[in-house]
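Report on the following structure.
The values are calculated or read from the model by the stated rules, or taken from the named source; none is laboratory data. A quick note: this is a predicted structure, and the numbers were derived from the prediction, not measured. Positions of Cβ are generated from backbone atoms using ideal geometry, with glycine treated the same way; all protein chains shown enter the neighbour counts. The accessibility values were calculated without ligands, DNA or RNA, using every heavy atom of the protein model including side chains. Shrake-Rupley method; radii C 1.70, N 1.55, O 1.52, S 1.80 Å.
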There are 2 protein chains.
Amino acid sequence: MRTNSLLPPPSSGAVVVLQAAAAAGVSVCFANPGTTEMPLVGALDQVPGIRAILGLFEGVCTGAADGYGRMRGQPASTLLHLGPGLANGLANLHNARRARTPILNIVGDHASWHLRYDAPLTSDIESLARPVSAWYRSVKTPEHLWQDTVDGIQAAMASPGGGATLVVPVDFQQQAAPDQARPEATPATAPAFDEARVGEVQAVVKDGRDVVLLLGDRALSERGHIAAGRIAAATGARLFSETFPARTERGGGLPDIDRLPYFPEAAIAALKDAVVILAGALPPVAYFGYEGLPSELAPADSLVTLAQPGEAADLALERLAERLQAPSLPTPPASPPYSVPDGPLTPQTVGRLLSNALPPHAIVSVEGGTCGYPFVTASARAAHHTILTNTGGAIGQGLPVALGAAVACPERRVFALQSDGSAQYTIQSLWTMARERLPVVMLITSNRRYGILQTELGRNGIEPGPHARRLTLLDDPPFDWPALAQGYGVPALAASTTEELRQALAHAIEHTQGPLLIEMRLA
Amino acid sequence: MRTNSLLPPPSSGAVVVLQAAAAAGVSVCFANPGTTEMPLVGALDQVPGIRAILGLFEGVCTGAADGYGRMRGQPASTLLHLGPGLANGLANLHNARRARTPILNIVGDHASWHLRYDAPLTSDIESLARPVSAWYRSVKTPEHLWQDTVDGIQAAMASPGGGATLVVPVDFQQQAAPDQARPEATPATAPAFDEARVGEVQAVVKDGRDVVLLLGDRALSERGHIAAGRIAAATGARLFSETFPARTERGGGLPDIDRLPYFPEAAIAALKDAVVILAGALPPVAYFGYEGLPSELAPADSLVTLAQPGEAADLALERLAERLQAPSLPTPPASPPYSVPDGPLTPQTVGRLLSNALPPHAIVSVEGGTCGYPFVTASARAAHHTILTNTGGAIGQGLPVALGAAVACPERRVFALQSDGSAQYTIQSLWTMARERLPVVMLITSNRRYGILQTELGRNGIEPGPHARRLTLLDDPPFDWPALAQGYGVPALAASTTEELRQALAHAIEHTQGPLLIEMRLA
């Protein structure tokens, strides 16, 4: 870091924090502020370059920052109100930590001299923040506000990345900040890979054993896909994507890489007796532990690491392909669209119709398994698109991530393929999409139940009685999705048949003036 | 504690936990379960006596448990899905901690043997839970599940009370629990007061100085009000309620006790030069710290404690009244209803119309200052009612608390006087009200802005520019409240004039088949 100037006083601490953030590349702030953030709110009008976007609920803000960071590789900021405001954003920060998304959370706090009185909103912010934060600092003096902000952003950008949480008491925001150094953020180091590991993997691949390449993180970029496809074609290695990638490219002639199955029985079968090469993926473990099944989906001694998450797994794959002298793959012929007969909507027809309809370079935020799995299966044939999934299992991520992706990439169309139950956790996303005129197409899978819980009751050997059954049903009353959309100023359509969904999708793709919701009423 | 039997095997751990909870008085479970809570969900059909109520979002569950506990003085349970599910419920648990409401949070976790693999939903639940929990335990062995559950409930009920968080790994829920002691919960000790303090206060009150009685907690019961009124009449002492009581009785001829003003200037002026007797209230501190104003609203040497929160402040007041030989007060004449002229709705006319309309023994959950303050000012003239306020400042409490109060008191009518901005944080409450056919009347103050933030910008000396202004406005697009209500199966009305609100309230009071929402469109 080098120091290039001194801050001219009088600038408030709030101005210094925002100037530092803007200088380090933060250009969006997803905000749900309160009284202790008012100087920061005021400073947004003094510091150019930061777009403030209001969320009605903090989980919308943190999820949007996750979607933004996944697409941009640069952090958005959130602006949250003390411990309780942060608390409402924690679930999506948990997901962002699993996705290793860079985020700068700015959390206001009581005036430093007021904290000791334990006023109603006082809480242990650190205890709340630590589990989801790659970096945490509560500012104790206004001397280093610029440095504090830059440190947070750098920690969010550094490997393994994730949310950085900076707590700024309101008095330090308010007061003229003391003269202080304004170091520039050190640019993040370009990801690299380890040539020796490439050599080890090359030896393994060549010895004729059954090999699986398990791809995650940067291995799921376009370059990673292409290199993995070359390796598979040249060696017979099988390819899997991790089950819930933060971001994966797909379609447009890229190799069709399946996700590792969700349930452990199938995942274990898929990896059985194979050498599992980890390319940007963590060692695969069961999502939940089930009695009688191992947590590790592949034995530890079957794993070989090519590149860890955060490393240049895509470049490592290219290097491996090169060392294997794997030929380039011919451009595959364009896939014909799926032929989808008229009839009631099913998860499979939904997946195929969406796959058919995707415009080039669409972004699809997927939350919920009912239509999510069939869509990803189908979408290898679609135009090139980017898929974002729920990385941490905290529900309510899909709509905010779509929102943030739309802010990050105004030139791309964004779709949210979203189950009805999970949509409810951050339903307030609709309003921000309407307010910001974001052309997000929300496809709500309306099956009026928590399908996964019905499955899991069965896996637990539970024949649900009336209580258990009622806790998995959402049909009394059913949600009226078009009315909910209208409530937030979002136009909506409903589709119960394949023909209706086809027409709704065609209409949605023409509709570029803001969000649109399509309720997909499954039989 | 005594041990009265051994549990007959084979009962699963989940059954044991629910049996223990039911035996200790838990009869409602506000649930948003996931995979790691399936055995507990199944056990709800095996253990009689616990009503399971589904929330679409965990903040609805925890806020409802708060409302229930405030009205019943007994804990409801919540059922939450690992760290992220708990995280979504933290904000209202923060409020419940400030309200000292007994709650038993049951949080499922990964199988004990699966935790070490750091699967996607793994998190540091303890770090998340501690700031809002009066008691925390993560079960490490199934030998003492009954005792663990009873310990949690007892901690929630003991002074100072609050949420108890019991984390139960799914394998301990699933397996047949080992034989174990089934101790009964020790009944909570009846609150008491300290006679010596009554004597000290008596001496202070009699020496002719200006005295303020600051009432909180049990001092705001009916008996506390009546005793405080006698003391005030006999001695000239002035009475204030704490600003945000967990529960206060009001109307029906009870003494009209003002709330201590919210902003510190007015609160300091109200208490200036007085001896401040704390009856169930904490020493008054400013809600937020403002430069140039003290955090303590009354100097420490002006405070005299009659009873602490959790103690029998009402009985202490009665004893004080007796020692002062304060006469009983005559029954006041019934107050005539307010005369409210036809015209557009204002906060004052809203407060008066609601006050006029309240049926006897109504419960009013108040969140949001715009109409909240005018209503409480007006409602001294109303029929007897109970007011529940936002104790901790975490937004999104009003609707869930009304929901929980309606479950707790099916024989009483429940009203939620709720600002539009704060309603959005837990808007999913509407669905559970509809599903459970709870006759809650929701009165949404629709002013399409965060009024408090506009005030606080002004107090910060900030003339809002376009960014700051936009972060305080909710008018683009405006919420369509009747549509949102319809989306969740709740009938709705809208009122823009005093006459329309009068009619809507009359209709609402006739409507007893479930919830009803009234959008009050302020000029």
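Have a look at B:Ser422, B:Ser379 and point out the one that is in a helix (DSSP H, G or I) and closer than 21 Å to B:Trp481 by Cα.
Unique residue meeting the criteria: B:Ser422.
Do we find a residue being surrounded by fewer than 24 Cβ atoms within 10 Å (Cβ to Cβ), within 30 Å of A:Ser127 (Cβ to Cβ) and out of contact with any His (no Cβ under 7 Å at 6 or more places or on another chain) anywhere in the range A:188-197?
Yes - at least one qualifying residue is present in the range A:188-197.
Given (1) at positive phi; (2) touching a Gly at 6+ places or on another chain (Cβ under 9 Å), where does A:Val139 come up short, assuming only one miss?
Answer for A:Val139: the failing condition is (1).
So B:Arg319 ticks every box in (1) farther than 25 Å from B:Gly369 by Cβ; (2) under 24 Å from the mean Cα position of the chain (by Cα); (3) among the basic types (Lys, Arg) but one. Which box is left unticked?
(2)
Could you run through the range A:41-69 and say how many residues are closer than 30 Å to B:Val60 by Cα, in contact with a Leu (Cβ under 9 Å, 6 or more places away or on another chain) and part of a helix (DSSP H, G or I)?
12
Has the range B:26-45 got at least one residue that is in contact (Cβ under 8 Å) with a residue 60 or more places away in the chain, more than 10 Å from chain A (Cβ to nearest Cβ) and open to solvent by 10 Å² or more (accessible area, probe 1.4 Å)?
no
Taking the range A:1-25, which residues are open to solvent by less than 10 Å² (accessible area, probe 1.4 Å) and at pLDDT below 95?
If the condition is that a residue be open to solvent by less than 10 Å² (accessible area, probe 1.4 Å) and at pLDDT below 95, then A:Leu7 is the only one that fits.
Which pairs turn up if I take residues in the range A:103-116 that are in the same structural domain as A:Thr141 (by TED's automatic domain parsing) and open to solvent by 10 Å² or more (accessible area, probe 1.4 Å) and look for partners that are at pLDDT below 95 and in a loop (DSSP other than H, G, I, E, B) with beta carbon separation below 8 Å, at least 6 apart in sequence or on another chain?
No pair meets every condition.
For the range B:241-282, give me each residue that is assigned to a loop (DSSP other than H, G, I, E, B), of a type in the set (Gly, Ala, Ser) and open to solvent by 50 Å² or more (accessible area, probe 1.4 Å).
B:Gly252
Just give me the residues in the range A:137-176 being open to solvent by 30 Å² or more (accessible area, probe 1.4 Å), within 14 Å of chain B (Cβ to nearest Cβ) and either in contact with an Asp or Glu (Cβ under 7 Å, 6 or more places away or on another chain) or aliphatic (A, V, I, L, M) (or both), in sequence order.
Answer for the range A:137-176, where residues must be open to solvent by 30 Å² or more (accessible area, probe 1.4 Å), within 14 Å of chain B (Cβ to nearest Cβ) and either in contact with an Asp or Glu (Cβ under 7 Å, 6 or more places away or on another chain) or aliphatic (A, V, I, L, M) (or both): A:Gln174, A:Ala176.
Got a sec? Which strands (runs of 3 or more DSSP E) wholly within the range A:128-202 have at least 3 residues that are among the aliphatic types (A, V, I, L, M)?
Result: A:163-169.
Tell me, yes or no, whether the range B:450-458 has at least one residue that is at pLDDT 95 or above, in contact with a helix residue (DSSP H, G or I) (Cβ under 7 Å, 6 or more places away or on another chain) and among the hydroxyl-bearing types (Ser, Thr, Tyr).
Checked the range B:450-458: no residue is at pLDDT 95 or above, in contact with a helix residue (DSSP H, G or I) (Cβ under 7 Å, 6 or more places away or on another chain) and among the hydroxyl-bearing types (Ser, Thr, Tyr).
So for the range B:494-507 (the condition being under 30 Å from A:Asp420 (Cα atoms) and either assigned by TED's automatic domain parsing to the domain that holds B:Glu411 or touching a Lys or Arg at 6+ places or on another chain (Cβ under 9 Å) (or both)), does at least one residue qualify?
yes
Quick check on my filter: what residues within the range B:445-480 are among the polar types (S, T, N, Q) and in a helix (DSSP H, G or I)?
B:Gln454, B:Thr455
Pairs needed: first member in the range A:225-249, assigned by TED's automatic domain parsing to the domain that holds A:Gly398 and farther than 16 Å from A:Pro284 by Cβ; second member anywhere, surrounded by fewer than 20 Cβ atoms within 10 Å (Cβ to Cβ) and at pLDDT 95 or above; C-beta distance under 6 Å; at least 6 residues apart or different chains.
So the pair list comes out empty.
Of the conditions (1) free of Cβ contacts under 8 Å to residues at least 24 places away in the same chain; (2) over 26 Å from the mean Cα position of the chain (by Cα), B:Arg130 satisfies every one except a single condition; which number is it?
Of (1) free of Cβ contacts under 8 Å to residues at least 24 places away in the same chain; (2) over 26 Å from the mean Cα position of the chain (by Cα), only one is false for B:Arg130: (2).
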